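Down below is the structure, laid out as structure tokens.
The values are calculated or read from the model by the stated rules, or taken from the named source; none is laboratory data. Because the structure is a prediction, the values reported are computed rather than measured. We place every Cβ from the backbone using ideal geometry, glycine too, and count neighbours over all the protein chains shown. Just so you know, the surface numbers come from the protein's heavy atoms only, side chains and all, with ligands and any DNA or RNA stripped out. Shrake-Rupley method; radii C 1.70, N 1.55, O 1.52, S 1.80 Å.
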Amino acid sequence: MCGIIGFIGGEQAAPILLGGLKKLEYRGYDSAGIAILENGQIDIAKSKGRLEILYDKIDGGRSFHGTAGIGHTRWATHGEPSDANSHPHRSRSGKFAIVHNGIIENYATLKAQLQDKGCEFASETDTEVIAHLLEQNDTGDLLETIRRTVAQLEGSYALGILSEEHPDEIACVRCASPLIVALSDGGNFIASDVTAVLPYTRHIYQLDDGEIALLRRDDVTVYNAEGRRIEKELKTITWSVAAAEKGGYEHFMLKEIMEQPQAISATISPRIGNDGRIVLDGISLTKEELKAFHRIFILACGSAYHVGVVGKYVIEEVARIPVEVDIASEFRYRMPLVDERSLVLIISQSGETADTLAALREAKSRGARVLSIVNVVGSTIASESDDVLYTWAGPEISVATTKAYSTQLTLIYLLAFYIADALGRVDTLTLRHALNELIALPDQIQKILDQAPQIEQFAQRLCYLDHAYFIGRNLDYAVALEASLKLKEISYIHSEAYAAGELKHGTISLIEPGTFVAALACCERLFDKTVSNIREVKARGAQVLCVTQQGNEAAAQQADHVFYVPRTYPLFMPSIEVVPMQLLGYYAAKARGCDIDKPRNLAKSVTVE
Ligand code: G6P
């Protein structure tokens with residue numbers, strides 16, 4: 001996600017800020033900018049694209065004088081990557097400048113209120129409302145001004161703030177987005193993570209939600225949300241720079257697995273309105289248009305295709321519209337029967353996958369309406385689609401996707417219920433119950449993440465395997481596809497996923513004593529059927545791991561090992577059961593000493609056919 005750096009001290013700030021932004025590049029970004037405060041005046045430089053463009057624009061910071069400033073690398077969420085949308089953003093008169101990481105969920109309401117008062121906006125960002133609010137709430141006391149402003153915000157934010165009326169201070173505040181304050185003899189810093197400050201200091205305060213810090217050249221004061229001064233524990237960072245980039249995790253993949261609760265929350269919460277109904281920001285489809293679709297086609301590659309397989313089960317069951325799901329590279333060459341009565345749903349983390357893009361163009365050329373689920377704002381797939389729903393997963397660095405997959409799933413659920421609600425195919429009670437369960441998903445997932453050490457122990461036994469099979473029925477089959485891919489792509493253990501009922505039509509001949517079979521059995525109404533399939537492979541000597549909901553004690557009698565997962569709304573079980581499978585793949589690959597974040601022969605974004 002976006003990176004924040006701020007400095008106030010004895011040296012020129014601009015080169016320090018640019019150096020800090022360079023260290024934050026790994027977080028992913030599409031534009032960068034800095035603001036410097038000197039003699040009560042703020043100067044800003046920002047530009048779309050690589051940091052080098054900004055660097056050249058301001059001569060490596062040499063043309064920007066001043067010893068206090070803030071900087072930002074932006075990863076677009078609201079509004080495409082552009083100079084205007086880059087941070088820092090200014091308030092109306094220009095006396096405040098801010099940088100922001102996070103998402104302001106109520107920004108549209110706040111923006112409308114500010115516009116009513118004559119405020120003009122220079123960008124499409126949610127961030128700019130905060131700059132204008134600071135000016136509107138300005139009491140002359142910076143702490144109080146910030147408190148009044150953040151009280152109006154809903155969502156997540158880490159903010160770095162400059163005020164022309166407070167030339168000897170920089171301020172920051174956070175809520176549900178990371179931010180640290182770092183202390184050094186030469187001055188003090190704010191940063192999204194410690195990588196940006198490690199060349200200067202290892203002494204930091206970790207800000208908690210609601211806390212506000214005012215930094216001066218030689219002192220830092222931290223306040224709680226009520227504005228009372230508090231004493232924070234000064235921590236000393238012992239991580240290496242490489243470990244710091246990964247937030248202390250050994251690999252980006254593990255960090256991204258662990259980030260899933262927050263990513264899912266960020267994807268869901270802005271889309272549930274106060275009236276308990278679903279609000280899909282990027283969609284302009286009317287009820288009449290939705291009614292007119294005869295069929296939905298889901299097109300994607302890799303893990304995104306596996307989300308599509310879940311999507312077929314969920315959308316057909318909830319919205320009662322026939323769904324075809326297709327691998328994009330197959331769809332594009334099969335003379336598809338797509339026309340203007342088709343809704344084509346494209347799923348892509350990067351928004352740049354060549355085959356998926358070609359499938360989109362093929363569908364459009366046949367008159368279909370295209371709605372895409374994409375993680376990267378401004379990507380080609382996003383810009384060529386009629387409607388876009390963004391996953392707010394943040395940049396994903398590990399080649400093997402985890403948090404992007406999980407956020408795509410949650411958008412599928414929202415979309416299914418949105419269509420069903422628009423078409424009157426779901427009653428209010430069911431909708432409310434489902435949405436409550438959806439909101440609770442991040443907490444349920446966290447319970448599994450807390451059991452990572454047990455999964456690691458189990459996975460260590462798998463590292464000697466040559467083959468593995470994942471079986472399941474219905475949604476469990478869809479998850480088996482992803483579980484199998486996760487294991488094979490990073491651990492290089494040969495693995496296959498099968499619809500549990502199909503196994504006996506050939507593949508069961510491969511089962512022999514000791515063969516590892518993971519049976520996914522979270523689809524309650526088919527539990528007994530899957531148990532029969534477990535018996536079949538057990539009878540041939542397989543070692544079986546069964547993944548099922550808490551309370552399904554019968555599983556323990558059949559399988560060699562059982563991993564129990566929390567319950568949720570039945571159609572949302574894929575979000576829960578995929579998590580132990582991600583961890584299983586990760587820890588098996590780790591035990592085999594594989595290059596987990598960059599598996600051999602694979603690329604994160606496949607832009608060739
Ligand atoms: C690559 C990645 C996969 C991803 C697939 C589709 O193969 O390694 O993790 O699922 O591309 O990528 P997309 O960006 O379109 O989701």
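Identify the chymotrypsin sites (Phe, Trp or Tyr not before Pro) of the range 171-215 meeting these criteria: DSSP loop state and at most 14 other C-beta atoms within 10 Å of the C-beta.
Counting only loop positions with at most 14 other Cβ atoms within 10 Å, none of the chymotrypsin sites (Phe, Trp or Tyr not before Pro) in the range 171-215 qualifies.
What per residue convex hull volume, in Å³, comes out for the range 369-511 when only alpha-carbon positions are used?
172 Å³
GLU80's amide H: which non-local residues (gap 5+, or another chain) put their own amide H closer than 5 Å, with H modeled 1.01 Å from N in plane and none for Pro or chain starts?
Here nothing satisfies the definition.
Based on the Cβ-Cβ distance from THR109 to ASP185, what FRET efficiency comes out when R0 is 51 Å, to the nearest 0.05?
Step by step, r from the Cβ atoms, then E = 0.70.
How many angstrom lie between the C-alpha centres of the range 266-327 and the range 189-227?
42 Å
Only Lys, Arg, Asp and Glu count, each charged at its Cβ (+1, +1, -1, -1), so figure out the dipole size of the range 404-515 about its Cα centre, rounded to 20 debye.
About 100 debye.
Give the Kirkwood hydrodynamic radius (Å, one decimal) of the range 252-447, defined as one over the mean of 1/r across all pairs of different Cα atoms.
Computed over the range 252-447, the radius equals 16.7 Å.
If one computes P(r) from the Cα atoms of the range 452-591, what percent of pairs lie at distances over 23 Å?
24 percent
What figure, in Å² to the nearest 10, do you get for the accessible area of THR201 with a 1.4 Å probe and non-protein molecules left out?
Looks like 10 Å² after rounding.
Say the dipole of the chain comes from +1 at the beta carbon of Lys and Arg and -1 at that of Asp and Glu; which of GLY40, TYR157, ALA68 then lies farthest toward its positive end?
The one lying farthest along the dipole's positive direction is TYR157.
With all protein chains present and a 1.4 Å probe, how do LYS312, LYS529 order by accessible area, largest first?
Accessible-area ranking of LYS312, LYS529, largest first: LYS529, LYS312.
Nearest 500 deg cm²/dmol is fine: what mean residue ellipticity at 222 nm does the chain get from its DSSP H runs of n ≥ 4 alone, each adding -39,500 (n - 2.57), divided by its residue count?
On the way: 20 runs with 220 residues, N = 609.
Calculated at 222 nm, the ellipticity per residue is -11000 deg cm²/dmol.
For the range 3-244, what is the charge dipole size about the Cα centre, in debye to the nearest 20, if Lys and Arg each add +1 at the Cβ and Asp and Glu each add -1 at the Cβ?
Value, rounded to 20: 400 debye.
Write out the GluC sites (Glu not before Pro) in the range 21-58 meeting two conditions: DSSP loop, and at most 10 other Cβ atoms within 10 Å of their Cβ.
Within the range 21-58, no GluC sites (Glu not before Pro) qualify (loop, at most 10 other Cβ atoms within 10 Å).
Normalized C-alpha radius of gyration of the chain, against 2.2 N^0.38 Å?
1.01
Rounded to two decimals, what is Rg over Rh for the range 289-383 when you use alpha-carbon atoms and the Kirkwood radius?
0.93
Using 0.36 nm per residue, how much length does the chain from ASP209 to SER509 gain when fully extended, once their Cα-Cα distance is taken away?
Result for the pair: 102.4 nm of gain on full extension.
Counting only complete DSSP H runs, which helices of the chain cover 18 Å or more along their long axis at the Cα atoms and score a mean Kyte-Doolittle of 0.0 or above?
302-319, 403-422, 428-449, 475-491, 573-591
Considering lysine pairs in the range 452-591 that are 8 or more places apart or on different chains, how many have Cα atoms under 21 Å apart?
Lysine pairs meeting the criterion: 5.
Heavy atoms only, probe 1.4 angstrom, no DNA, RNA or ligands counted: give me ASP443, ASP30, ASP476 ranked by accessible area, highest first.
Sorted by accessible area, descending: ASP443, ASP30, ASP476.
Only Cα pairs under 8 Å and at least 6 apart count here; give the relative contact order of the range 305-453 as a rounded whole percent.
In percent, rounded to a whole number, it is 23.
Which whole-angstrom value gives the distance between the alpha carbon centres of the range 459-535 and the range 70-144?
50 Å
For MET1, what accessible area in Å² do you get when you roll a 1.4 Å probe over the heavy atoms of the protein chains, rounding to the nearest 10?
50 Å²
Nearest 20 debye, what's the magnitude of the dipole of the chain about its Cα centre given +1 on Lys and Arg Cβ and -1 on Asp and Glu Cβ?
Taking the Cα centre of the chain as origin, the dipole is about 1180 debye.
Just how many % of Cα pairs in the range 3-244 lie over 31 Å apart, if you round to the nearest whole percent? Could the numbers behind the result be given before it?
Working: 3849 of 29161 pairs.
The proportion of pairs with Cα distances above 31 Å equals 13 percent.
For THR236 and GLN451, what does the FRET efficiency come to when R0 = 25 Å and r is the distance between their Cβ atoms, rounded to the nearest 0.05? Could the numbers behind the result be given before it?
Working: r = 30 Å, r/R0 = 1.20.
The calculated FRET efficiency here is 0.25.
Fully extended, how many nm does the chain gain between ASP83 and ALA440 (0.36 nm per residue separation, minus their Cα-Cα distance)?
This chain segment gains 124.7 nm when fully extended.
For an R0 of 45 angstrom, estimate the FRET efficiency from the Cβ-Cβ distance between GLU330 and ARG217 and round to the nearest 0.05.
0.15
How far apart, in nm, are the 7 Å Cα→Cβ label points at GLU340 and ASN39?
If labels sit at GLU340 and ASN39, their model points lie 6.4 nm apart.
Could you tell me which GluC sites (Glu not before Pro) in the range 200-254 are loop residues by DSSP with no more than 10 other beta carbons within 10 angstrom of their beta carbon?
GLU226, GLU231, GLU233
Taking H as built 1.01 Å from N, whose amide H comes closer than 5 Å to the amide H of GLN549, not counting residues under 5 places away?
VAL565
Classify the range 17-92: rounded, prolate or oblate, from the alpha-carbon gyration tensor (a ≥ b ≥ c, eigenvalue square roots; a/c under 1.5 rounded; otherwise prolate if a/b is larger than b/c)?
Since a/c reaches 1.5 but b/c is at least a/b, the shape of the range 17-92 is classed as oblate.
In 5 Å bins starting at zero, report the fraction of Cα pairs in the range 109-239 per bin as a rounded %.
2, 10, 20, 22, 19, 13, 8, 4, 2, 0, 0
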